[in-house]
Amino acid sequence: MTKVLVVDDDALVASSVAAYLAKAGHDPRTATDAVEGEHTWRVWQPDAVVLDVLLPGSSGLEMLTRRRHDGDATPVLLLSGLASADDRVIGLEHGADDYVTKPFDARELVLRVEALLRRGPFDVQQAPVRLEAGGLELDGAARTARYRDRVVELTPREFALLSFLAQRPGHPFGRRELLRRVWGWTFGDDSTVMVHIRRLRKKLEDDPARPELIVNLRGSGYALVTDADAEVAPGPRETVR
């Protein structure tokens, strides 16, 4: 049974979500504040976390930031009453994998958690042992990356996304297709793709606002473009997003 931690200051919401998760065959635990939630997260080591943004004592975003800083890659679904696109992006930039706004359908939430728990169709374990493209060197076995002779620290999801694009240089992919092929999700907030692209650009590009390696080909999608691809890649480039 997969272990799922539910952290929400509303005990009724937490217990309701836990009941639906248990009915679906998972092993849930609940916490109603950041201190209890973070302690349970560290000690119990869940397979996924459902995390409310607004918690007493410390926000869910602050808790998530600390866990990611410690190298914890547990899939996290954020719950929030804040529904704007900016709020979703902020949550994803703090390291969340998906974002659901309140009120929500508990059955849909369970499906989203299960999507997080599944491996995507693209498994970095199946990536080539070594891959080189446009000055980029990826080691699939060690999950390490170098660009222009410098080591680049990547999260597991960043490495998976970069590996996917690097195996298909010059080929553009839209957000929904990347969400399906890298994340393994057939639904969900595709803003997470944009956030991960933005992170990769910050780590790889000399000027992230004018990317030269990972570009957005307007009307086509994101592509990793090498010098050899630059002349043949279709469509005008967008330099922002």
Cβ-Cβ below 7 Å, separation at least six or inter-chain, first residue in the stretch 1-15 and in contact (Cβ under 8 Å) with a residue 12 or more places away in the chain, second open to solvent by 40 Å² or more (accessible area, probe 1.4 Å) and of a type in the set (K, R): which pairs? L5/R29
So for the stretch 27-34 (the condition being within 22 Å of A115 (Cα to Cα), in contact with a Gly (Cβ under 7 Å, 6 or more places away or on another chain), open to solvent by 30 Å² or more (accessible area, probe 1.4 Å) and in contact (Cβ under 8 Å) with a residue 12 or more places away in the chain), does at least one residue qualify? no
Give L161, L204, L165, L154 a once-over and let me know the one that is in contact with a strand residue (DSSP E or B) (Cβ under 6 Å, 6 or more places away or on another chain) and closer than 18 Å to H94 by Cβ. L154
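To keep it simple, each residue is scored yes or no on (1) open to solvent by 60 Å² or more (accessible area, probe 1.4 Å); (2) of a type outside the set (S, T, N, Q).
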| position | (1), (2) |
| --- | --- |
| T40 | no, no |
| W44 | no, yes |
| V49 | no, yes |
| S58 | no, no |
| L64 | no, yes |
| R67 | no, yes |
| L82 | yes, yes |
Total residues in the stretch 144-183, condition closer than 21 Å to D72 by Cα and either part of a loop (DSSP other than H, G, I, E, B) or not small (G, A, S) (or both): 14
Look through A133, A141 and report the one residue that is touching a helix residue (DSSP H, G or I) at 6+ places or on another chain (Cβ under 9 Å), open to solvent by less than 20 Å² (accessible area, probe 1.4 Å) and modelled with pLDDT under 90. A133
Within the stretch 210-221, identify whether any single residue is among the charged types (D, E, K, R) and modelled with pLDDT of 90 or more, and answer yes or no. yes
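The values are calculated or read from the model by the stated rules, or taken from the named source; none is laboratory data. Just so it is clear, the model here is predicted, and its values are computed rather than measured. No Cβ is skipped: glycine too gets one built from the backbone with ideal geometry, and neighbour counts run over all protein chains shown. The accessibility values were calculated without ligands, DNA or RNA, using every heavy atom of the protein model including side chains. Shrake-Rupley method; radii C 1.70, N 1.55, O 1.52, S 1.80 Å.
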